[in-house]
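The values are calculated or read from the model by the stated rules, or taken from the named source; none is laboratory data. None of the values given here were measured: they were computed from a predicted structure. Cβ sites come from the backbone with ideal geometry, for glycine too, and all protein chains shown count toward neighbours.
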Amino acid sequence: MVAGSCHCGAVSWTFEGVPKSATSCSCTVCRKYAVLWAYGAEGENIRVSGPTKAYIRLEKNIGFHFCEACGCIAYWRDVEPDKNGRREIAVNLRLAEPEDVAAIPIRRFDGLKDWKDMPDRGEHVRDLWS
Ligand SMILES: [Zn+2]
């Protein structure tokens, strides 16, 4: 399991197992937040807790949730569950302890123009901090 929490500790998440990749997305939102996403479904492999505010991106129907106190982006998730009650969510791996996510490969995603993966550079999360 990998866990993350915001700077003040009020908001946290857990991810069952170890994420296969950490997505760095170039879209208009992710680029500005400088987040690294690990994806799943709420209540399945991902659980969240703590009080957040959300910035709702209407055209995608997802909310970017951040800690009211310290401002860290903790996760995004669907505004509403789908017809099967499933809610897609992704947590920000930058909120994890560095050693817990160090070996996870970085997946670079072109969310700005082509909506597809960019060439793999063979980087891992540890490369961001070393
Ligand atoms: Zn906080």
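Can you tell me which residue among 69, 54 is part of a loop (DSSP other than H, G, I, E, B) and within 15 Å of the ligand (Cβ to nearest atom)?
After ruling out the rest, the residue left standing is 69.
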> What are the residue pairs meeting all of these: first residue in the range 58-78, first residue more than 16 Å from residue 9 (Cβ to Cβ), second residue among the hydroxyl-bearing types (Ser, Thr, Tyr) and surrounded by fewer than 20 Cβ atoms within 10 Å (Cβ to Cβ), Cβ atoms under 6 Å, and 6 or more apart or on different chains?
Replying inline: 64/55
> How many residues are within 16 Å of the ligand (Cβ to nearest atom) and buried (at least 19 other Cβ atoms within 10 Å of the Cβ) if we restrict to the range 23-41?
Replying inline: 1
>> I'd like the full set of residues that are of a type outside the set (S, T, N, Q), crowded, with 19+ Cβ neighbours inside 10 Å and assigned to a loop (DSSP other than H, G, I, E, B), limited to the range 2-22.
In response: 6, 11, 19
> Could you count how many residues in the range 58-102 are more than 13 Å from residue 39 (Cβ to Cβ) and buried (at least 23 other Cβ atoms within 10 Å of the Cβ)?
Replying inline: 6
>> Which condition from (1) closer than 27 Å to residue 119 by Cα; (2) part of a strand (DSSP E or B); (3) not β-branched (Val, Ile, Thr) is the one that residue 47 breaks?
In response: (1)
>> Being within 16 Å of the ligand (Cβ to nearest atom), in contact with a Leu (Cβ under 8 Å, 6 or more places away or on another chain) and under 15 Å from residue 99 (Cα atoms) is the filter here; which residues of the range 1-22 pass it?
In response: 4, 5
> Checking residue 121 against (1) within 19 Å of residue 67 (Cβ to Cβ); (2) at pLDDT below 95, which single condition isn't satisfied?
Replying inline: (1)
> Within the range 72-93, which residues are part of a loop (DSSP other than H, G, I, E, B) and within 27 Å of residue 124 (Cα to Cα)?
Replying inline: 72
